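Accompanying notes for the structure given below.
Every read-out reported here was derived from the displayed coordinates using simple, explicitly stated rules and does not represent laboratory data. Quick caveat, the model's predicted, so the values are computed rather than measured. Backbone-built Cβ (ideal geometry, glycine too); neighbour counts: all protein chains shown.
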Amino acid sequence: MNRHPSAGASCANVGLVGSNAIVAWEETKGSQGLAEGTLIRYLTFPFNQPPAESAGCVVSNP
């Protein structure tokens, strides 16, 4: 779920490690706020139990 109206997300990379799914994507922040640049986010979950909503964890500092 994109929680930032001025943000855009690229196509996600999806992988499977054991029984866990891993999804990673880039989210480009708009220039309207203080936070600018690209965020790298990831999300892990059991492959048969995807979350209904999640913004993922940020692993970069724009």
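Seen from CYS11, the other residues with C-beta closer than 14 Å to its C-beta sum to a net charge of -1, counting Lys and Arg as +1 and Asp and Glu as -1.
Label separation (SER54 vs ASN20): 1.0 nm, computed from points 7 Å beyond Cα along the C-beta direction. The simple spin-label model puts a point 7 Å past each Cα toward its Cβ; for PHE47 and ASN13 those points are separated by 1.9 nm. Sorted fewest first by neighbouring Cβ atoms within 10 angstrom, LEU39, LEU16 come out as LEU16, LEU39.
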